[in-house]
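Everything below concerns the one structure shown next.
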Amino acid sequence: MTDAFEHDIGRTVSGSDLQHHVVGPLVSANRLDAGAPANANALKARLREELLLQAQARLPITYARLAECMVGSDATGVIRDALEQLMDDDAGEGQPLLAAVAVKALEPGLPAPWFFRKAENMGLFDGDPADLEAYAFHAREFYRAIHLHSVNGQGSGTAFPPVLHHADR
């Protein structure tokens, strides 16, 4: 599977091919049993790995696809909980929100409203999850995540856009 992933990174994806990759299979879809508390940390770590791979490929992945491949098709709530924990971890370390790589299937390219509510509770976003501010915030966080986790691990060499907290606005 790694060979296919490396091959896909090296080419430009567009049109219907893009749709296949955005909602297509994960690079390494190992399912976890998310039922046990001990597996919550394993799920979070595994989810981070998958999102890092998607960021390296510079492609978003849907929540449903993450849930289906990692813990089973009816586990989007478990994925959401783990994504919220990743947001806490990333914000606490001053890192881009890697959870921005995961998006809804019905509005391609935009996370669910809970992503914006969580970011607002953390003091990172102030606005309506269905408004232009949400698109701008998500685009910035998605860009920051893929920039940090580029294929060579070195980023593109340009500075991250600044993260503005409520007091900075």
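The values are calculated or read from the model by the stated rules, or taken from the named source; none is laboratory data. As the structure is a prediction and not an experimental result, all values here were calculated from the model. Because the Cβ atoms are built from the backbone with ideal geometry, glycine has one as well, and the counts that use them run over all protein chains shown.
Laid out as a table, the results:
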item: Number of the condition not met by L26 [criteria: (1) of a type outside the set (D, E, K, R); (2) under 13 Å from the mean Cα position of the chain (by Cα); (3) in a loop (DSSP other than H, G, I, E, B); (4) at pLDDT 90 or above]; result: (4)
item: Within the stretch 30-44, considering residues that are surrounded by 11 or more Cβ atoms within 10 Å (Cβ to Cβ) and under 14 Å from L66 (Cβ atoms), the one modelled with the lowest pLDDT; result: A34
item: Candidates D74, D89, filtered to the one that is modelled with pLDDT under 95, surrounded by fewer than 16 Cβ atoms within 10 Å (Cβ to Cβ) and not aromatic (F, W, Y); result: D74
item: Tally of residues being in contact (Cβ under 8 Å) with a residue 12 or more places away in the chain and farther than 16 Å from H149 by Cβ across the stretch 92-123; result: 17
item: Neighbours by Cβ (under 8 Å, 6+ apart or cross-chain): first from the stretch 125-146, within 18 Å of A91 (Cα to Cα); second among the β-branched types (V, I, T) and modelled with pLDDT of 90 or more; result: F142/V101; A145/V101; I146/V101
item: I79, sole failed condition from (1) surrounded by fewer than 19 Cβ atoms within 10 Å (Cβ to Cβ); (2) more than 21 Å from L148 (Cβ to Cβ); (3) under 12 Å from the mean Cα position of the chain (by Cα); (4) not basic (K, R); result: (1)
item: Some residue of the stretch 91-107 being closer than 20 Å to E49 by Cα, among the acidic types (D, E) and more than 16 Å from the chain's Cα centre (by Cα); result: yes
